[in-house]
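Notes for the one structure printed next.
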Amino acid sequence: MVPKSNRSATAARAQKPVPWDERPMHGVPDADGPQVPGRSRQIIEAAYDLLAEEGLEGLTIRAVLEKTGLSRRAFYERFAGKDELMVAVFERTVRQAASHYSEQAAALSDPLECLELIVTCIVLGKSSPDALDYGHSNRRGAAMSREHLRLADSRPQELQAALSPLITLIARQLSRGMEAGSVRRCAAERLATLVYNLVATTVHTELLAHETAPPDRARRVQLAKDIWEFCRGAIAA
């Protein structure tokens, strides 16, 4: 008989979402080999690039197929449609961002400094505060903001799972702050969700309001500072 603790751990692992580029093809459970995750990743990267090049209007399944050279069958073997693809784009973006932020936070001993770095990077839309090489427009950011808001209504559980690496990272730093006495004690995951939602909603508003304008570096940096000061006051012990 399996001990209860082991059953719980097994159940938790079973419920953990599998990254899109590691999932087997729809309806082809026995498929294996490097071409399966490779093609999923290829589709996701193509969609990510199309959002920057043409915005939501240009992100169609046909455009993805033209960009990748894959067949329509190859697409539908991996994604049921555009909604699933967009969730995968969010998952890819958030996973990479959380990895970058985690690596940089590892060099900081103060959890509040770590949180400031994470919040600042989210607002700047970059992997580090110094990487301010903005492109010519906010098109991709605005497109993803619109999709974030739409998927939060139509596919809330899938979107939440895609965002979980970043929220977990924020919660980890909040827990460290609670142990150090610099962050007020409460449920870390809940507080992390509140912090993320505040930051994300503000960024969505900023991106959608200036979608076609060239990114304003000074404005975005000041916004990052203002949001962090607000968050710092809200979480302080």
Reported set for the stretch 194-223 where residues are surrounded by 15 or more Cβ atoms within 10 Å (Cβ to Cβ), in a helix (DSSP H, G or I) and not aliphatic (A, V, I, L, M) is Tyr196, Thr202, His204, Glu206, Arg220
Within the stretch 65-119, can you find the residues that are β-branched (Val, Ile, Thr), out of contact with any Cys (no Cβ under 9 Å at 6 or more places or on another chain) and within 19 Å of Trp228 (Cα to Cα)?
Ile118
1 or more residues open to solvent by less than 20 Å² (accessible area, probe 1.4 Å) and within 16 Å of Ile44 (Cβ to Cβ): qualifying helices (runs of 4 or more DSSP H) within the stretch 77-193
82-105, 139-154, 156-180
Taking Ala152, is it in contact with a Ser or Thr (Cβ under 7 Å, 6 or more places away or on another chain) and without any contact (Cβ under 8 Å) to a residue 24 or more places away in the chain?
no
If you check Ser71, Ser102, which single one turns out to be over 25 Å from Gln157 (Cα atoms) and polar (S, T, N, Q)?
Ser71
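The values are calculated or read from the model by the stated rules, or taken from the named source; none is laboratory data. From a predicted model like this one, the values you see are computed outputs, not experimental measurements. Because the Cβ atoms are built from the backbone with ideal geometry, glycine has one as well, and the counts that use them run over all protein chains shown. Note: areas computed on protein heavy atoms with side chains; ligands, DNA, RNA excluded. Shrake-Rupley method; radii C 1.70, N 1.55, O 1.52, S 1.80 Å.
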